Amino acid sequence: GAGVSQSPSNKVTEKGKDVELRCDPISGHTALYWYRQSLGQGLEFLIYFQGNSAPDKSGLPSDRFSAERTGGSVSTLTIQRTQQEDSAVYLCASSPRDRGGSGELFFGEGSRLTVL
Amino acid sequence: LAKTTQPISMDSYEGQEVNITCSHNNIATNDYITWYQQFPSQGPRFIIQGYKTKVTNEVASLFIPADRKSSTLSLPRVSLSDTAVYYCLVGDTGFQKLVFGTGTRLLVSP
């Protein structure tokens, strides 16, 4: 079946503009994660959704960042008034959480954001 | 949240066995240990997962001592294509936020 799909794969924007990044998780996966990865760096946790529970937003770096997940499926990460330091690859991952033990994260290919 | 510590980088040669150790002193009872591999310009992908003792699959082995405060990923007979960043992740996937550590950059040379 299809994996985690992210769009756009590349986005170039001007400083101060708003951007939306989309993630389509694997069908039936209840958990969804967003991470940010700057060039040559590790993965920075941003936000986590699990089913209908309130999301864990503790990793969002500022109030310019927000995310929602509609119908327990598609998620959108929105960055308002983008800054140059927002330039990074934004990775989405989903997990089925369908068995007693822990599961694995399935990652998309990421959305590369460049803020000029 | 269990914090993980790994070596920043490792070097090896083709055909050698590589062992990467991860420390996670405050691992919780419900936490699993999962290793991911990441190539440039790609998302991480799952390698192996374990809870205790030893787990082996077609690509790697995972050794976990009884106290679970560390784990070792073993890659047998590495090839050039194993050059990547390897992340040790501790947590209960899907039921909590998962924080990745810095990862280990493995370079395999001819």
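Farther than 25 Å from A:Tyr35 by Cα and in contact (Cβ under 8 Å) with a residue 12 or more places away in the chain: which single residue out of B:Ser23, B:Ser12 fits that description? Going through B:Ser23, B:Ser12 in turn, just one is farther than 25 Å from A:Tyr35 by Cα and in contact (Cβ under 8 Å) with a residue 12 or more places away in the chain: B:Ser12. State yes or no: is A:Ala67 within 10 Å of the chain's Cα centre (by Cα), small (Gly, Ala, Ser) and farther than 26 Å from B:Ile33 by Cβ? Answer is yes for this residue. Being within 15 Å of the chain's Cα centre (by Cα) and away from every other protein chain (no Cβ under 14 Å) is a property that B:Leu75 has. Checked against (1) at the interface with another protein chain (Cβ under 9 Å from one of its Cβ atoms); (2) at pLDDT below 95; (3) under 14 Å from the mean Cα position of the chain (by Cα), B:Asn30 passes all but condition (3). Just one of (1) touching a residue at least 24 places away in the same chain (Cβ under 8 Å); (2) surrounded by fewer than 13 Cβ atoms within 10 Å (Cβ to Cβ) fails for B:Thr34. It is (2).
Going through segment A:62-84 one residue at a time, which ones are hydroxyl-bearing (Ser, Thr, Tyr), within 27 Å of A:Ser95 (Cβ to Cβ) and in contact with a strand residue (DSSP E or B) (Cβ under 7 Å, 6 or more places away or on another chain)? Of everything in segment A:62-84, those that are hydroxyl-bearing (Ser, Thr, Tyr), within 27 Å of A:Ser95 (Cβ to Cβ) and in contact with a strand residue (DSSP E or B) (Cβ under 7 Å, 6 or more places away or on another chain) turn out to be A:Ser66, A:Ser75, A:Thr76, A:Thr78. Only one of the listed residues (B:Lys69, B:Lys52, B:Lys97) is more than 25 Å from A:Tyr35 (Cβ to Cβ), surrounded by fewer than 19 Cβ atoms within 10 Å (Cβ to Cβ), within 14 Å of chain A (Cβ to nearest Cβ) and touching a residue at least 12 places away in the same chain (Cβ under 8 Å). That residue is B:Lys52.
Could you look through segment A:1-45, keep only residues that are over 22 Å from A:Gly72 (Cα atoms) and surrounded by 14 or more Cβ atoms within 10 Å (Cβ to Cβ), and pick out the one that is modelled with the lowest pLDDT? Among those that are over 22 Å from A:Gly72 (Cα atoms) and surrounded by 14 or more Cβ atoms within 10 Å (Cβ to Cβ), it is A:Gly42. Just one of (1) within 14 Å of another protein chain (Cβ to nearest Cβ); (2) surrounded by fewer than 13 Cβ atoms within 10 Å (Cβ to Cβ); (3) closer than 27 Å to A:Leu60 by Cα fails for B:Asn57. It is (3).
Scanning segment B:55-110 for residues that are basic (Lys, Arg) and within 17 Å of B:His24 (Cβ to Cβ) yields a total of 3.
The values are calculated or read from the model by the stated rules, or taken from the named source; none is laboratory data. In this text the structure is predicted, and so the values were computed from the model without any measurement. Glycine also receives a Cβ, built like all others from the backbone with ideal geometry; neighbour counts cover every protein chain displayed.
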